[in-house]
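Student: First the structure, which I've put down as structure tokens, then a few questions once you've had a look.
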Amino acid sequence: MKRILSILLLLMILTNSVALGEIGIEDNVRAYILADFETGQVLEQYNIDEVVEIASISKLMSYIIIMEEVSKGNIALDDIIKIDKDTTKIKGSSFKLKVGEEFTVKELIEAAMVVSGNDATYALAKHVAKIEEKFAQRMNEKAKEMGLKNTVFYNSTGLPVAQTNVQNQMTTREIFQLSRYLIEKYPNVLQTAKIRAIEVVSRDFFQRNTNPLLDEIKEVDGLKTGFTNKAGYCYVSTFNIRGRKTKTKDLRLIAIVMGAKDLEIRDTMSKILVQYGMNNYSNRIFLDKEIPLKTLEFPKADIIEVPIFPKEGFAKLIKNDDNMTINMDIKEDITLPIQKNSKVGEVKIEKDGEVIFKTDILIKEDVNKAKWYVLVRRFFEKLLHGIEGQE
């Protein structure tokens with residue numbers, strides 16, 4: 001019954017026949033957010049400022065700390081890490097590491113991000129900071145530097161602290177900020193996050209990416225899943241909507257679902273959120289300074305039809321049913337000659353009747369008075385055309 005309901009909800013989203021607030025995601029998750037990567041604008045939200053346990057979403061910060069060390073030259077992606085006994089004891093999602101095995105930093109990063117290997121993440125933390133406690137301290141320092149005031153890390157993996165139920169915590173808004181920082185600072189994370197599966201034939205290991213939408217929605221290319229009993233089922237997804245020439249620009253959104261009650265609910269609600277973003281939002285191009293707004297006619301000029309252009313381009317992330325209008329105010333007393341880049345009016349973009357952007361309208365070429373013989377020729381051409389039209 002639950003699966004049938006999920007399918008019906010998805011169909012309603014795909015046909016734009018239901019608003020997000022009518023679906024009941026709030027009843028099935030602790031928090032969710034849909035937001036724009038480029039501007040940070042929050043588009044849809046629920047309970048995003050409540051502190052929640054984040055489970056393996058913690059590995060996003062672990063990735064940042066590791067890549068900072070790589071950037072500084074303190075470690076290298078091809079460093080070899082030899083697995084010790086402590087690492088093999090790490091519980092939860094696993095790369096199934098064994099004592100004495102050797103892997104590069106790059107291989108363990110992939111294991112941490114793709115199959116959420118806690119053992120791989122722990123091995124990396126020790127490689128960076130010798131002991132995990134110092135690595136977690138680095139994570140907290142970075143969170144403070146980023147202004148994530150509600151964030152607390154106890155370890156690199158997101159697992160509960162031993163013999164306690166204490167876990168890494170953030171707000172959902174902060175998870176978005178962390179995800180945005182990560183993609184902006186280290187965009188190659190998306191190349192890692194969309195690896196379909198990890199296979200190591202020599203150790204009989206094969207596991208698919210934990211990302212549930214990677215093979216379902218082609219636009220999805222990241223980012224991280226997580227689960228503990230206290231955190232519930234969590235998922236940070238990101239997807240890029242390709243722009244259409246002259247109509248829209250590329251749009252990358254980040255969708256986060258936290259604390260779903262079970263795996264199916266998490267995957268369904270995440271899919272609904274992603275599809276809703278794809279169906280209802282666009283980064284629309286309203287003005288392009290290389291595309292004319294219209295043409296003006298000057299019967300007595302050397303150029304009769306003259307294109308006019310906005311001085312500045314303008315694109316905006318909007319909900320597709322937003323009330324947006326483009327209004328042009330063209331001067332009535334434009335006299336010849338006209339110099340290149342002369343202002344001939346103003347164009348305004350309005351949302352719900354409020355001006356949100358305006359720029360000058362320009363003629364980008366010199367327009368001079370036509371010579372007398374050109375005007376005579378045009379007169380007779382027009383006259384001849386009229387006679388031919390009567391035959």
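Each reported figure results from applying straightforward, stated rules to the coordinates on display, with no laboratory input. Because the structure is a prediction, the values reported are computed rather than measured. Heads up, the Cβs are rebuilt from the backbone with ideal geometry, glycines too, and the neighbour counts pull from every protein chain shown.
Yes or no, residue by residue, for (1) buried (at least 20 other Cβ atoms within 10 Å of the Cβ); (2) in contact with a Gly (Cβ under 9 Å, 6 or more places away or on another chain):
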site: Glu26; (1), (2): no, no
site: Leu34; (1), (2): yes, yes
site: Lys59; (1), (2): yes, yes
site: Tyr63; (1), (2): yes, no
site: Asp79; (1), (2): no, no
site: Lys85; (1), (2): no, no
site: Lys96; (1), (2): no, yes
site: Thr104; (1), (2): no, no
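Student: I'm trying to understand the selection: among the residues of region 344-355, which are loosely packed, with under 14 Cβ neighbours inside 10 Å and in contact with a strand residue (DSSP E or B) (Cβ under 9 Å, 6 or more places away or on another chain)?
Tutor: Asp352, Gly353, Val355
Student: Take Ile326 and decide whether it is under 44 Å from the mean Cα position of the chain (by Cα) and either surrounded by 10 or more Cβ atoms within 10 Å (Cβ to Cβ) or assigned to a helix (DSSP H, G or I) (or both).
Tutor: So Ile326 fits the description; yes.
Student: When Ile291 is evaluated against the numbered criteria (1) buried (at least 19 other Cβ atoms within 10 Å of the Cβ); (2) assigned to a loop (DSSP other than H, G, I, E, B), which criterion, by number, is the only one it fails?
Tutor: (1)
Student: So how many residues does region 210-268 have that are among the acidic types (Asp, Glu) and surrounded by 16 or more Cβ atoms within 10 Å (Cβ to Cβ)? Reasoning before the result, please.
Tutor: Let us first name the residues in region 210-268 that are among the acidic types (Asp, Glu), namely 215-216, 219, 221, 250, 262, 264, 267.
Now narrow it down to the ones that are surrounded by 16 or more Cβ atoms within 10 Å (Cβ to Cβ): 219, 221, 267.
Residues in region 210-268 being among the acidic types (Asp, Glu) and surrounded by 16 or more Cβ atoms within 10 Å (Cβ to Cβ): 3 in total.
Student: Let me ask you something else. Search region 160-183 for residues that are over 13 Å from Ser56 (Cα atoms) and pair each with any residue that is surrounded by 23 or more Cβ atoms within 10 Å (Cβ to Cβ) and hydroxyl-bearing (Ser, Thr, Tyr) when their beta-carbon atoms are under 6 Å apart and the residues are at least 6 apart or on different chains.
Tutor: Glu174/Thr151
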